[in-house]
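The structure appears right after this line, and notes come after that.
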Amino acid sequence: MCIDAFINDFNPKPKYKAAYVFFTDYCPDELFDKMKKSCAKHIKVCKEINISFLPLEAQVFSCDNAEAFKSIYTPNSQDRDQTLETIADQIVTLCATLDEYPGVRFKKYTVSLLLLTSHLAELVDNKLARHYELDDNSKKKGKTQAQLLIVDRALDPVSPILHELTYQAMAFDLISIKDNAYEYDADGSKKEALLTEEDELWVKLRHMHIAEVISIGGLSQLMKKMPAFRKQLTQKNVHLSLAEDLMSHYQKNVEKLCKAEQDLAVGADAEGQKVKDPMRTLLPVLLHPHDTTDKIRAVLLYIFSLNGTTAENLNKLIQHVKIEYERGYILNWEHLGVPILSTPSMFSFRKQSRRDRSDEETFKVSRWTPIIKDVMEDAVENKLEVKDWPYQSECPSAWNGSRAVSARQKHKGSSPDDLRSGSRLVLFVLGGVTYSEMRCAYEVTHANKSCEVIIGSTHILTPRSLLEDIYKLGRQPMESFTIEEDKP
């Protein structure tokens, strides 16, 4: 439609002396040919600028396609293939923008209903090959080849469900924040603050544990290190207000949930003793007057800890939580390939082996580490097993250093020295990425100076948004049901 309208501007008589044409995505060959035949002599510049993704943070990007979740995971979806095609195009434009031609790998599951990761990896690899047939400059630069790992939401169903207690993840879980806008009271009136990379204090605080953030002394010390100290006082007030809001939620309700959630997720208590009876851990949560959402989250963690439960036990849990008519919040996880009922067909589902983190210092209510951090660290250290993480095409040579540039502009104060020298690892999570997983990309990058980790997904999710998406899988529009909001 746009191309036709453009061509019509030059027929029969040109409306302009010349045209400068920029495509934000790939333009198919047939459309290029159509322009070439119709108005080539009037086109001064024609270029693809590859911006069909959103650079949300320095090391985070999004396809901005939350609807992809439904298209991909709905049983018998009619538009799954087209959705994967679109996502593959977006990933290729990211790689082109980063000037990378990565080796593509994907997570291989012993049980997979849809073979989503291998299908997307094949699409991306083919589209990358076609792109660099036309522009193979990156191959000639002698730079280290990046790696692109493709996973889906089945890799780690636990992290999106847990109550995460780092600042950014906690805020988007417990507070109603839309389009990064946080509303707060100041001087008797409502004010709004944007939680973006323009807020330097937010960038410094977002990955810290709430226990560290609430220290006013610590906050003041951070402020003193920042330029234009007086101008930052407003930011300080914003974050004092947000931290107080979060602590209010934590003390009112979340604190009682965290110990049980962590014990179920980790499989051991804070002293390292194995949880022998997960039901005993779950029961106090079910008996307490927590809201329905929190009980559903706890039940899911219980089921995940067992790698599925019996139909009889599941029915009792559903009745206890009083979601007999909304059991899709739990049952529909099987559409993602996550075991809910322990049937013989699920016996071969193998849990991800975990790295030993017993020596790491953690808060007792924050002992869980997202599985994707293990993946990142194993990839950086070349420890990923090929049988579990096959290469879509050829195995790339060992990493030996290249110039890494963020998917988003650095802060104004950044110097050339801020650009990381080394290889680049890109992870794409099909079906949504959590704020805790985003944090892991920064942590691994900081710990490994030779490698920058970038993470992206179809969209950014919160526990509540994921539960709603799960519930709607396979349902007709008129069958929708929403858990009551209890946020301020």
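All of the numbers you see were taken from the coordinates with simple rules; none came from a lab. These figures come from a predicted structure and were not determined experimentally. Glycine also receives a Cβ, built like all others from the backbone with ideal geometry; neighbour counts cover every protein chain displayed.
Using a cut-off of 13 Å between alpha-carbon atoms, which aspartates and glutamates can reach LYS322, once sequence neighbours fewer than 8 places away in the same chain are excluded? The qualifying aspartates and glutamates are ASP291, ASP294. Dividing the convex hull volume of the alpha carbon atoms of the stretch 2-48 by its residue count gives 68 Å³ per residue. Here is the list for the stretch 267-337: GluC sites (Glu not before Pro) lying in DSSP coil, each with at most 11 other C-beta atoms within 10 angstrom of its C-beta, are GLU271. Straight-line reach only, C-alpha to C-alpha below 19 angstrom: list the aspartates and glutamates that LYS17 could link to, leaving out same-chain residues fewer than 8 apart. Candidates past the 8-residue exclusion: ASP4, ASP9.
For the pair the stretch 63-100 / the stretch 292-325, the C-alpha centres are spaced 31 Å from each other. Measuring max minus min along each principal axis, the C-alpha atoms of the stretch 167-346 give extents of 63, 37, 30 Å (largest first).
Set the bar at 30 Å for Cα to Cα. Now go through LYS256/LYS373; LYS108/LYS364; LYS274/LYS316; LYS178/LYS276; LYS108/LYS472 and name every pair that lies beyond it. With Cα atoms farther than 30 Å apart: LYS108/LYS364; LYS178/LYS276.
Give me the extension gain from GLU255 to ASP187: residue separation times 0.36 nm, minus the current Cα-Cα distance, reported in nm with one decimal. Each step should come with its number before you reach the end.
Values: separation 68, 0.36 × 68 = 24.48 nm, distance 3.00 nm.
Result for the pair: 21.5 nm of gain on full extension.
Projected onto its three principal axes, the C-alpha set of the stretch 239-317 covers 46, 29, 18 Å, listed from the longest axis down.
Mind checking the stretch 45-114 for GluC sites (Glu not before Pro) that DSSP puts in a loop (not H, G, I, E or B) and that have at most 16 other Cβ atoms within 10 Å?
Those satisfying the criteria are GLU67.
Report the relative contact order of the stretch 2-48, percent, no decimals, based on alpha-carbon pairs under 8 angstrom and at least 6 residues apart.
Working: 36 pairs, mean separation 23.7, N = 47.
RCO, the stretch 2-48: 50 percent.
Between ASP29 and ASP291, the distance separating the two model label sites (each 7 Å from Cα on the Cα→Cβ line) works out to 5.4 nm.
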